[in-house]
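Here's the structure, in structure tokens; my notes come after.
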Amino acid sequence: MKLAGRMARLGTEAVFEVGAKARALEAQGREVIHLEIGEPDFDTPEHVTAAGIEALRAGQTHYAAPEGLAPLREAIAAQVSRTRGIPVSPAEVIVTPGAKPIIFYTLLALAEAGDEVIYPDPGFPIYESMIDFVGAKAVPAPLREENDFRIDVDELCRKVTPRTRLIILNSPENPTGSVLSQQDLEAIATVARQHDLMILSDEIYARILYAGEPLSIASFPGLKERTIIMDGFSKIHAMTGWRLGYGVMPEELAQHMRRLMINSNSCTASFTQHAGVEALRGPQEAQTRMVAAFRERRDALVAGLRRIPGITCREPQGAFYVFPNISGYGLTSQDFADYILQRAGVAVVAGTAFGRYGEGYVRISYANSLANIERALERMAEAIAELGRP
Ligand code: PLP
């Protein structure tokens, strides 16, 4: 089949391939502990599911407004205004099936062939994939362990050229769990103002934060007009399968995103959006409990990894991943991840699945029970011991 040339530039998410390898082992009767997945192991809070079912029973099964239902856009505007300290109106909100389409739409709407887009590496692989796909130039901003995996702002400044159009930020970050500081954001905001850049701020883990308050670059003076905040329900409300996310952006851009929605999805499922209203306006105890559980697991996993000779591991400040350094064992990240799957029956993702600066690391998700994390640590420690001392 003759495919369009652009298909050669479209990437993927390796986590789906890791899952397939793990399932192949399971089919042979092996037991695998799944620490590759990027989704909460918790079910959607009961009252949220109930709101979705009620909406279905009430006939919310038809096409809806492409930009999202008014009650949900109002709830999102109120929540973002409160948590980011900026005035947001429903006209600035576009609801999408998951947050992912906001990445696609932002790049389609803003980046021309030859434009440069700066993005975090290691980072969520869809950024680079989509930048390449629209024909723009992907310019990685390396996140280094010695800088707690935060963007080095001086280095970022050196990457800005007259062709730079957009900077993608993600804090708390997937896969490293790093969080940008107030000073980092201030400095990036200055760069954006000086060079007239737009920012796509992926804040999907904003509420899965273990210290301090979530900070958004959109809150800095003059930045709301040049920022697309991307957030969603998958992580904090354990709603990955419902497909519900949103972007908050200048109203003019929202009009264009609305057209992109019309051309691709028509609308986000109505009953899902009703569940989303309940997720935002209803009780938050389940969400608070999930974050407390993630923190306990993070502490156990970081402590356990640090006990394994040859591994260094920063303490992540948010999200539900750790990104330990495994470079001492003389294996590539991919070979190390494959070895851990085969030998220990623990599925983890090679750091290189998140960009070339992920070499020497693996991503381990702690969206799994404490008991499974403890078992995985034991099995990994044994398998790693067989590699010999680094
Ligand atoms: N952004 C980041 C950093 C993510 O890790 C993910 C999911 O893994 C997404 C966006 C997409 O989330 P959604 O399920 O809302 O499309």
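A short reminder: the numbers here are calculations on the coordinates, not readings from a lab. Note that this is a predicted model, so its numbers are computed, not measured. Note that each Cβ is placed from the backbone with ideal geometry, even for glycine, and that neighbours are counted across all protein chains shown.
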Using the Cα centre as the reference, give the magnitude of the dipole from point charges on the C-beta atoms of the range 48-281 (Lys, Arg: +1; Asp, Glu: -1; all else neutral), rounded to the nearest 20 debye. 640 debye
Distance from the Cα centre of the range 83-97 to that of the range 183-224, in angstrom? 15 Å
Sequence gap at least 6, Cα distance under 8 Å: using those rules, report the relative contact order of the range 168-325 to the nearest whole percent. 27 percent
Under Karplus coefficients 6.51, -1.76 and 1.60, residue-wise ³J(HN,Hα) of the range 4-13 in Hz, glycine/proline x: 4, x, 5, 5, 6, 9, 8, x, 7, 10
Report the extension gain between Arg281 and Ala78 in nm, rounded to one decimal, defined as 0.36 nm multiplied by the number of residues separating them, less their alpha carbon distance. 72.1 nm
Length gained when the stretch Arg163-Ala381 is fully extended (0.36 nm per residue, less Cα-Cα span): 73.7 nm
By the Cα gyration tensor axes a ≥ b ≥ c (a/c under 1.5 gives rounded; else a/b larger than b/c gives prolate, otherwise oblate), the shape of the range 48-281 is prolate
Within straight-line cross-link reach of Lys235, aspartates and glutamates at Cα separation under 13 Å, skipping those fewer than 8 residues along the same chain: Glu39, Asp41, Asp43, Glu173, Asp202, Glu203
Placed amide H near Leu244: partners under 5 Å, 5+ positions off or other chain: Gly98, Ala99, Phe233, Ser234
Once every DSSP H run of n ≥ 4 in the chain is given -39500 (n - 2.57) and the sum is divided by its residues, what mean residue ellipticity at 222 nm do you get, rounded to the nearest 500 deg cm²/dmol? -12500 deg cm²/dmol
Which whole-number percent is the relative contact order of the chain (Cα, under 8 Å, 6+ apart)? 24 percent
So for the chain: antiparallel DSSP bridges make up what percent, rounded to the nearest 5? 45 percent
Of the cross-linked pairs Lys100/Lys137; Lys2/Lys159; Lys159/Lys224, which ones have a Cα-Cα span greater than 30 Å in the structure shown? Lys2/Lys159
Note, the range 334-339: 3J(HN,Hα) by Karplus (6.51, -1.76, 1.60, θ = phi - 60°), whole Hz, Gly/Pro = x, goes 5, 5, 5, 4, 5, 4
